[in-house]
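One structure is given here, and the rest of the page talks about it.
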Amino acid sequence: MKKTTISILTLFAITTMNAQNKSHLDKTKPTEERIDLLMKQMTLEEKVGQMNQYNGFWEVTGPAPKGGTAELKYEHLRKGLVGSMLTVRGVDQVRAVQKIAVEQTRLGIPLIIGFDVIHGYKTLSPIPLAEAASWDLAAIKKSAQVAASEASASGINWTFGPMVDISREARWGRVMEGAGEDPFLGSKIAEARVKGFQGETIKDLAKVNTIAACAKHFAAYGFSESGKEYNTVDIGNATLYNTVLPPFKAAKDAGVRTFMNSFNILNGIPATGNKFLQRDILKGKWNFDGFVITDWASIKEMINHGFAADGKEASQRAVEAGADMDMESHLYVAELANLVKEGKVDVKLVDDAVRRILRVKFELGLFDNPFLYCDEKREKETVGSKANNDAVLDMAKKSIVLLKNEKNLLPLKKSGQKIALIGALANDKTSPLGSWRIASDDNTAISVLEGMQQYKGNQLTYEKGADLTVGATTFTAELVFNTTDKSGFEAAKKVASAADVVVMVLGEHGFQSGEGRSRTSLDLPGVQQELLEEIYKVNPNIVLVLNNGRPLVLPWAAENIPAIVEAWQLGTQSGNAVAQVLYGDYNPSGKLPMSFPRNVGQCPIYYNFHNTGRPTNSDKNVFWSHYTDVEKTPQFPFGFGLSYTTFEYKNLKLDKLTYAKAEKVNVSVELTNTGIFDGKEVVQLYIRDVSASLSRPVKELKGFELVELKKGETKTIRFTLTENELGFFDNDGNYLVEPGTFKVFVGTNSDEVKETEFVLK
């Protein structure tokens, strides 16, 4: 009888436990209550497991791995000690790894699947720096939507983007991944990209075609000294609060659900272990309720920084600072539970991190349907679709910047011309895809040659001229450039001499920019500059099409070449976009999001600098702020970009000259299309706070509008300045709006502007 009673009690206990285990799956309960119910069931080890992200490098649908790290990761996955996987992609692989998590672990907590969906998944948009050159927020948002649709169709529900690092340093390879040098433009683009990936509200995360976004790298990674990857950052608080942080705050306000900390140190403390950044600002002052993931193995790298003696101390410093999830350093899962048991880490820190991670998983709908993103039919219909290709083509055309067009060499005539096309990049179907395109396949870009071949009215002849690189070109290896083989020069010169117009496609290889691709020279690599000059000798009617992931130094070309087109690395539809712009089927409207230097010795160079005490040569001697060997101005300034038509600015007006604090400042200007083509113009508004408690930049972008005008048409463009635009942060992070004189500048770029001023009382 006693044995029977015990059996009944045991059965009751098991039944009760199972019911409890499923209570968090009740969709009618509020999310926070569901999180509470789940966490009550979790062991300390299972909680730490949610804070652990592993890179998948085995065939999940194949046999279980045997030996090494892969076997360890597989066993941890089965034990519920993994919260997220990255680089697992494709519905079959994601379903397989998700099945292990939800069917073979004690609590069945689904994984969040992360991937670097930076400027597309399979169908690629331009690199982010190129997209920023469009200044077209709707197009940028659409580009992120395309990326999210393809990634989500392939099982992915979290991207490690957007990168919102502001950088003034063209030597730093990762400028290709951001929005350039300006915090105002960068903030607007951050918002567009977050909403493109995630949807308008957090509720949209549960839709099948959205993915969680990640604002990175928090913070100041773009200010790495000398542009060297992973290098020290040493900046003042004024730069931190006014330049570095605004795009991150914009991403947070747009609803971004995750942040990624950065590799660099700031004020002597690695970002991964920086409590000031992660707890005081992000989770404290900004009240961010998503979670923070480390960058790749950055917890372990704090040992190299000299900030931790070993993995145990590194784990303690990271969790105390607010790093919620460990990407691939293996340290949280190895050390954190013991640190709690030893009393060195408060379990409340673990609970807070786990709550944040679970919150995002609930928001993504993974608990309601762990296989929400695992639909083979949708994957086949979505990835590489015509609609997606049309969207990235539109984005690519909008990203092109016309830098020079003497004698109206462009647009090309559509018939009756002999055109020579020269350059290895002109016939390259891989390099235009750019960097950070892990899921895309080589040889899938439309080349410039293929794009121009769509126009049948001219005689088009192609010659390579010279190879750009030697040997294999991969994401993880250093590139080797051709510096000696000029055997193709003569053939190229021959076709050039017989042509009416020469189109030369030169620049960087797609893997010459991106992570780990810092440069000390910003010239055309290899023998390209020599090829350009040799072709110029036989035919100066050259259209130089640049393929690059960063600003380049082009003094000779800027002086001698009549037409220069900044075509970046434009993704899948690259060649079609370039051809349509060259032939005038699309009138270029892009504007530079970064200043182009005259000489690499000017770097970092940016438009929103602070005046020195001797900004001009007022005394006609050498004792003023300048270089002795080159102009101190950029070759092409921030915001610069031409059109096939021309625009005239006139009648810059304020509604009055004196304003009270908190009163709106209304600005208007008339814009006229004075040329012979319809076109678009990015009207840019800048201000200067002439005298303040902290020195303010000579110009700061505070508004812009992309305006489309028919030839001969005039429109009045209006801007409103509020305290959000007129103020700044002091060195303690307090936002100030101070009385005084403000200059207002409106024009076509940061240098060419109309000017007026007002007084704020």
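Couple of notes before you dig in:
- Computed over the chain, the per-residue total of -39500 (n - 2.57) for DSSP H runs of n ≥ 4 gives a 222 nm mean residue ellipticity of -8000 deg cm²/dmol, rounded to 500.
- Taking amide H as placed 1.01 Å from N in the peptide plane, the amide H of MET260 sits under 5 Å from that of ALA215, LYS216, PHE218, ILE293, each at least 5 places away or on another chain.
- Read-out Rg and Dmax of the Cα atoms in Å, derived from the coordinates shown; its label in (1) 32.2, 113; (2) 27.8, 109; (3) 35.0, 141: (2)
- Distance-filtered residues of the range 45-70 - backbone nitrogen under 16 Å, label point 7 angstrom along GLU376 Cα→Cβ: 60-62
- Computed from Cα atoms, the angle from the helix 91-103 axis to the main principal axis of the chain rounds to 30 degrees.
- Sites ASN724 and ASP204 - FRET efficiency at Förster radius 25 Å, r taken between beta-carbons, to 0.05: 0.45
- Inter-part distance, the range 617-661 to the range 258-326, computed on C-alpha centroids, equals 40 Å.
- In order through the range 562-569: 3J(HN,Hα) via Karplus (6.51 cos²θ - 1.76 cosθ + 1.60), integer Hz, x for Gly, Pro: x, 9, 10, 10, 7, 10, 6, 10
- Taking amide H as placed 1.01 Å from N in the peptide plane, VAL565 has its amide H under 5 Å from the amide H of LEU403, LEU544, VAL545, LEU546, each at least 5 places away in sequence or on another chain.
- Basic side chains Lys and Arg get +1 at the Cβ, acidic Asp and Glu get -1 at the Cβ, and with that the dipole of the range 158-241 about its Cα centre reaches some 280 debye.
- The H on the amide N of ASN52, modeled in the peptide plane, is under 5 Å from the matching H of GLY83, SER84, ASP326, each at least 5 residues off or on a different chain.
- Between ASN369 and GLU71, the modelled label-to-label distance comes to 3.9 nm, taking each label 7 Å out from Cα in the direction of the beta carbon.
- Label-point separation, SER226 to ASN338 (7 Å along Cα→Cβ), nm: 3.9 nm
- Distance histogram for the range 647-760 (every C-alpha pair counted, 10 angstrom bins, percent rounded to whole numbers): 14, 44, 28, 11, 3, 0
- For the chain, the longest principal axis of the Cα atoms and the long axis of helix 386-399 meet at an angle of about 50 degrees.
- Fully extending the segment from GLU663 to LYS275 would add 135.9 nm, taking 0.36 nm per residue of separation and subtracting the current Cα-Cα distance.
- Measuring r between the beta carbons of ALA309 and ASN621 and using R0 = 60 Å, the FRET efficiency lands at 0.65.
- Helix 311-321 axis, angle to the chain major axis (alpha carbon atoms, nearest 10°): 80 degrees
- In this simple spin-label model, placing a label point 7 Å from the Cα along the Cα-to-Cβ direction at both SER23 and ASP36 gives a separation of 1.0 nm.
- FRET efficiency estimate (nearest 0.05) - Cβ-Cβ, GLU708 to GLU670, R0 22 angstrom: 0.90
- Taking every DSSP bridge with both residues inside the chain, close to 55 percent are antiparallel.
Throughout, read-outs are computed from the coordinates displayed, never taken from laboratory work. Bear in mind the structure is a predicted one, so any value in this text is a computation, not a measurement. No Cβ is skipped: glycine too gets one built from the backbone with ideal geometry, and neighbour counts run over all protein chains shown.
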